[in-house]
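For reference, the structure is listed below as structure tokens.
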Ligand SMILES: Nc1ncnc2c1ncn2[C@@H]1O[C@H](COP(=O)(O)OP(=O)(O)OP(=O)(O)O)[C@@H](O)[C@H]1O
Ligand SMILES: [Mg+2]
């Protein structure tokens, strides 16, 4: 990971109309060939970030570097960046071939007609749509139009590809197919990619790293595994999937385990990085919460409840459980069988190593100043 980054965002900031802080001092180094995905709620600044990278919007402050060269104020056509916009925008009056070759025709670099024809053919092969060169966009399905949009953005063989929700208009099946194709094309070309999506699963399956954006800032950056299993905030935990969360306070710390006291009882966790009295949330993903028939044994980390809903989701069965101590819990089971039906009394439990302890976002105000600050998270 010591290689120089391909693309660097340094304190990148955009304030619209002097008051809307759309992007707020974000920092990111992207390696050559990496696939990085921005996720986050509507309006958090994803498109604004991409548009600054592409050169369509000037940052208010901060800078963008490509291979160490400052490109912050370089016009879009001088950046060697291809972009697919959030709304598909093929030129309706141009054929597929004309759409794909548009960039080559207006580029500074001069291309001969045979070079253009060859490149169009190559791009159509890449997106697996040969023999559509003479069609017009209205003669294509939505998914095919998106593929041509992708072909158009790749025709100039950009070093960097920016994709703003390119799959959002597709139905689920086509979307999955395009996810696979896009990943394949990206790897074949080795093009550094920044992708935007609302879809958490899409982000998880396609990315080398995921950036979770919240209100203009980067809340967490990590591999899919890191942001899913080791979120640093409840915002990230909730955004990256279903969660069982218990708010509590660290009441004991030992060499290997800590005790967190919550409204639902005491839980043993194997995270020892928090101080006593720290306010925390325990996160257990639904697949890490196990379920069985009630028993009299007083095992650690066990809660009781009643199954209220069972959802068969194909390979996974999801159980919603109402617990007297903890409210609603979600268990997901992949064993294939049905563990319980609606109305059954059950117990649910988890292993101390299968949970994640998250610092509370707003620790209560400390009244005793001689005590260490509450909720201090010591990472690494
Ligand atoms: N041209 C503009 N002028 C003023 N405000 C803008 C402009 N473009 C975007 N904004 C505001 O900046 C913020 C970020 O917008 P942006 O389009 O980057 O969000 P996004 O994360 O892409 O959202 P979505 O998921 O809905 O596409 C929003 O509050 C938006 O209203
Ligand atoms: Mg957007």
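Assorted remarks:
- Cβ pairs under 7 Å, 6+ apart, first in region 29-40 and free of Cβ contacts under 8 Å to residues at least 60 places away in the same chain and farther than 13 Å from residue 183 by Cβ, second part of a loop (DSSP other than H, G, I, E, B) and away from ligand 2 (no atom under 16 Å from the Cβ): 29/5
- Residues of region 259-290 that turn out to be within 26 Å of residue 307 (Cβ to Cβ) and within 30 Å of the chain's Cα centre (by Cα), as a count: 15
- Filtered by the rule that a residue be over 11 Å from the mean Cα position of the chain (by Cα) and either more than 14 Å from residue 7 (Cβ to Cβ) or near ligand 2 (Cβ under 9 Å from one of its atoms) (or both), region 34-45 gives 42, 43, 44, 45.
Quick grid of which residues meet (1) more than 16 Å from ligand 1 (Cβ to nearest atom); (2) at pLDDT 85 or above; (3) buried (at least 18 other Cβ atoms within 10 Å of the Cβ):
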site	(1), (2), (3)
168	no, no, no
183	yes, yes, no
207	yes, yes, yes
211	no, yes, yes
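- Residue 178 vs. criteria modelled with pLDDT of 95 or more, closer than 21 Å to residue 50 by Cβ and assigned by TED's automatic domain parsing to the domain that holds residue 100: no
- Among residues that are closer than 27 Å to residue 71 by Cβ, within 16 Å of ligand 1 (Cβ to nearest atom) and in contact with a strand residue (DSSP E or B) (Cβ under 9 Å, 6 or more places away or on another chain), residue 159 is not included.
- Criterion violated by residue 51 - all others in (1) within 16 Å of ligand 2 (Cβ to nearest atom); (2) closer than 18 Å to residue 208 by Cα satisfied: (2)
- Test for residue 96: is it within 16 Å of ligand 1 (Cβ to nearest atom) and under 32 Å from the mean Cα position of the chain (by Cα): no
- If you go through region 158-174 and keep only what is within 26 Å of residue 28 (Cβ to Cβ) and either assigned to a strand (DSSP E or B) or in contact with a helix residue (DSSP H, G or I) (Cβ under 8 Å, 6 or more places away or on another chain) (or both), you end up with 160, 161, 162, 163, 164, 166, 167.
- Pairs where the first residue, in region 78-95, is at positive phi and the second is away from ligand 1 (no atom under 16 Å from the Cβ) and not in a loop (DSSP other than H, G, I, E, B), C-beta under 7 Å, 6+ apart: 80/160
- Residues satisfying the stated conditions in region 190-202, i.e. within 13 Å of ligand 1 (Cβ to nearest atom) and within 20 Å of residue 54 (Cβ to Cβ): 194, 195, 196, 197, 198
- Those residues of region 111-133 which are loosely packed, with under 15 Cβ neighbours inside 10 Å and over 13 Å from residue 101 (Cβ atoms), in sequence order: 125, 128, 130, 131
- Residue 77, sole failed condition from (1) modelled with pLDDT under 95; (2) closer than 23 Å to residue 233 by Cβ; (3) part of a helix (DSSP H, G or I): (2)
- Filter result for residue 218 (within 14 Å of the chain's Cα centre (by Cα), part of a strand (DSSP E or B) and modelled with pLDDT of 95 or more): yes
- Lone unmet requirement of (1) exposed (fewer than 15 other Cβ atoms within 10 Å of the Cβ); (2) free of Cβ contacts under 8 Å to residues at least 24 places away in the same chain for residue 138: (2)
The values are calculated or read from the model by the stated rules, or taken from the named source; none is laboratory data. For clarity, every value in this text was computed on a predicted model and none was experimentally measured. FYI the Cβ positions are ideal-geometry reconstructions off the backbone, even for glycines, and counts take in every protein chain you see.
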